[in-house]
């Protein structure tokens, strides 16, 4: 597995070693020891989540605050998404900046997003099954969110806005200036 750190310190794109032959393929999707060596820190995942969505669904941008902050390891089991992480760490040199990664069942890439980031994704294929690990349990009182089209962050979704399918809850998320602080 290759671990490629992004411009956002602590965020990594993981590229698996895929062994293919006439029968199909095999890959190791997760190994705790390899993972911790690759990102250079200890992260223990406690919860797995999975969602299924159709083309144009934008989920996010979400995060957990304080002691309930979550690191995530995300991947796509079927389909293709544009996955986005926004740095919300107040003392970070890249505060308010984002990283976008194309994740698909074809490229089998994964994206590690440490605590202190907002996260969201946009489904680009007809459907997508999205899977992610969290290193902390969800806590409703600690949830935060950031508007997907915040002008300060300026995420390039490269998708027609009038074709986006966004939950009512996500449509009223705050902008970067008024968003809940991660800590």
Determine, yes or no, whether residue 70 is assigned to a loop (DSSP other than H, G, I, E, B), buried (at least 24 other Cβ atoms within 10 Å of the Cβ) and either touching a strand residue (DSSP E or B) at 6+ places or on another chain (Cβ under 6 Å) or modelled with pLDDT of 95 or more (or both). yes
Looking at (1) part of a loop (DSSP other than H, G, I, E, B); (2) modelled with pLDDT of 95 or more, which is the only condition residue 183 fails? (2)
If you go through segment 33-64 one residue at a time, how many are in contact with a strand residue (DSSP E or B) (Cβ under 6 Å, 6 or more places away or on another chain), farther than 19 Å from residue 148 by Cβ and touching a residue at least 40 places away in the same chain (Cβ under 8 Å)? 7
Residue tally, condition surrounded by 11 or more Cβ atoms within 10 Å (Cβ to Cβ) and assigned to a strand (DSSP E or B), over segment 6-25: 5
Flag for residue 81 being surrounded by 16 or more Cβ atoms within 10 Å (Cβ to Cβ) and under 14 Å from the mean Cα position of the chain (by Cα): yes
Residue count, segment 26-59, condition touching a helix residue (DSSP H, G or I) at 6+ places or on another chain (Cβ under 7 Å), surrounded by 12 or more Cβ atoms within 10 Å (Cβ to Cβ) and within 12 Å of residue 114 (Cα to Cα), comes to 1
Flag for residue 106 being buried (at least 16 other Cβ atoms within 10 Å of the Cβ) and within 27 Å of residue 16 (Cβ to Cβ): no
Collect the residues in segment 128-148 that are crowded, with 17+ Cβ neighbours inside 10 Å and in a loop (DSSP other than H, G, I, E, B), keeping them in residue-number order. 135, 136, 146, 147, 148
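The values are calculated or read from the model by the stated rules, or taken from the named source; none is laboratory data. What you see is a predicted model; the values in this text were computed from it and never measured. In this analysis, Cβ positions are derived from the backbone assuming ideal geometry, glycine residues included, and neighbour counts consider all displayed protein chains.
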